[in-house]
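Quick notes on the structure that follows.
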Amino acid sequence: MSRDPVTARIADGVSAILAADWDACAGDANPFVGHAFLSILEQSGSVGPGTGWQPLPVIVDGADGRPGAVAPAYAKSHSQGEYVFDHAWADAWERGGGNYYPKLQIAAPFTPAPGPRLLLRDDSHAPVLIGALEAVTDQNGLSSAHATFVAPEQVPLFEAAGWLIRTGTQFHWHNDGYARFDDFLAALSSRKRKAIRHERAKAVEGLTIRHLTGSELTEAQWDAFWVFYQDTGSRKWGHPYLTREFFSLLGGAMADRTLLILAERDGRPIAGALNLIGADTLYGRYWGCTEEVPFLHFELCYYQAIDAAIARALSTVEAGAQGEHKLARGYVPVPTFSAHYIPDRNFRRAIADFLAREALGVESDQDYLTALTPFKRGQ
C-alpha cells in the first residue's frame, strides 16, 4: 500500500517529553500509558540500558507544533515481559537466516492490560502515527513491529493499515451495579456461592487485611512488598522485571492511583497484591507472599479486588494475564488483541496463516469457557 511520506520524530524516552504534552494525547483513563507510569519505568532503570527495553517513543506533531499523536514504543532485544508470545516466530525467522531482534514493541512494558497504543490528541492523526511506526521499522531494518494488548476500539485502525491481528483471552470481572460483595454472590449458583464463602473465610483466619492508597503508602510497606514481588518474579520469570526504586517512585508520583492490599499477621505483612486504579477499571498487577496460606492468593487478588471495585463504583477488574482458575471466582473470558506489522511478504504470509488457525482455536476455547461461568443460568 502506498502512503504519503510521514514525518515523525523519536525521543530519547518518555521522560524527555513534557508531561502535559504526552498526557494531552494519552488522557487519564488508563494509568499504564500515562507519562507518570512510563517515566517511572525509565527513571527506576526498569527499562533502558541493559534491560532489552530501549525506549523509543514515536511522536507525530500537530499543526500547532505540539505532539498530536504519540506511541509508547521500545526496541526489544528479546521477547520477555510482553505476555503475547512470539518465540516461535523468532525461531522461524532466525532459522531462515534473519535477525528477529531487535524488533519494535508498542506496549506498556510488563503490563498485560488492554489499553490504547495509539495515543491521540486528534483521531485524524491515527493513520499518520501508524505510518510512522512502519517507517521506523522499515528504515531501521527491523524484522517487525508489535502493538500488544490493543484496546478493542483501536483494532480497526491497525486492521485498516494492513497489520495482522492476533486474539487471546483474559478473565475480567464485571460490576453489574453491585452495592456489596453479597450482591455479586447472589448472581452465582448456590454451589459457587458456598465455595467462595468457604475460601474467603479460610483465607483470612488470623489475618488482618488492609487497603492502602495515597498517603497511607510508606517505604516500610514497599520494602515488604518488594520481598513478595521478588519471590513471585524469580519463580515466574527467573528474575524480577522491576527495580526496588520503581515502587518508591510509584508511591510518590501515583499514590492516589495505587492500591496496595496487604495481609498481616500480628501486624507483620505476610502477603500483598498491588493494583492500579483507572477511570473505570481496577488493574491487578503483582502479588507475592512469605507465608503460604490456603486461598490467600484468591482472596487478595480476586475477592478483595472485587470489594475495592464495588466500593469505588468501578465497572471492571482486570486481574492480569491467563488464569482459568479465575473463572470459578466470577471472572469471565474476554478477548484480547494485538497487532503485528511484518514487512517481509513471505514471513507475513506464514504468520497470517498461523494467526487464522490460532484464532479459530481461541474462539472455540472462549465459547467453551463462557459456558463454564459460575453465574446462574439465564444471567
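Taking the criterion of being surrounded by fewer than 18 Cβ atoms within 10 Å (Cβ to Cβ), in a helix (DSSP H, G or I) and not hydrophobic (A, V, I, L, M, F, W, C), the residues of the stretch 308-329 that qualify are 324, 325. Across the stretch 126-153, the qualifying residues are those that are in contact with a Leu (Cβ under 9 Å, 6 or more places away or on another chain) and part of a helix (DSSP H, G or I), and the one among them that is most open to solvent (accessible area, probe 1.4 Å) is 127. Residues that are assigned to a strand (DSSP E or B) and open to solvent by 10 Å² or more (accessible area, probe 1.4 Å) do not occur anywhere in the stretch 88-99. Does residue 366 meet the test of being polar (S, T, N, Q), under 20 Å from residue 155 (Cβ atoms) and open to solvent by 30 Å² or more (accessible area, probe 1.4 Å)? Judged against the criteria, residue 366 is a match.
Being surrounded by fewer than 15 Cβ atoms within 10 Å (Cβ to Cβ) and either at positive phi or in contact with a Lys or Arg (Cβ under 6 Å, 6 or more places away or on another chain) (or both) is the filter here; which residues of the stretch 179-194 pass it? Across the stretch 179-194, the qualifying residue is only 189. Does any residue of the stretch 273-286 turn out to be touching a helix residue (DSSP H, G or I) at 6+ places or on another chain (Cβ under 6 Å), of a type in the set (Phe, Trp, Tyr) and in contact (Cβ under 8 Å) with a residue 40 or more places away in the chain? Yes, there is a match, as at least one residue in the stretch 273-286 is touching a helix residue (DSSP H, G or I) at 6+ places or on another chain (Cβ under 6 Å), of a type in the set (Phe, Trp, Tyr) and in contact (Cβ under 8 Å) with a residue 40 or more places away in the chain.
If you take the residues in the stretch 195-242 that are at pLDDT 95 or above and hydroxyl-bearing (Ser, Thr, Tyr), which one is surrounded by the most Cβ atoms within 10 Å (Cβ to Cβ)? Out of the qualifying residues, it is 213. Looking only at the stretch 28-54, filter to residues that are in a helix (DSSP H, G or I) and more than 15 Å from residue 107 (Cβ to Cβ); which one of those is most open to solvent (accessible area, probe 1.4 Å)? Residue satisfying both the conditions and the ranking: 43. So which residues in the stretch 319-351 are at pLDDT 95 or above and within 16 Å of residue 148 (Cα to Cα), if there are any at all? Once the filter is applied, which keeps residues that are at pLDDT 95 or above and within 16 Å of residue 148 (Cα to Cα), the stretch 319-351 yields 334, 335, 336, 337, 338, 339, 340, 341, 342, 351.
The values are calculated or read from the model by the stated rules, or taken from the named source; none is laboratory data. These numbers come from a predicted model, not from an experiment. Here Cβ is always computed from backbone atoms with ideal geometry, including for glycine, and neighbour counts include all displayed protein chains. What goes into the accessible areas is simple: the full protein's heavy atoms, side chains included, and nothing from ligands, DNA or RNA. Shrake-Rupley method; radii C 1.70, N 1.55, O 1.52, S 1.80 Å.
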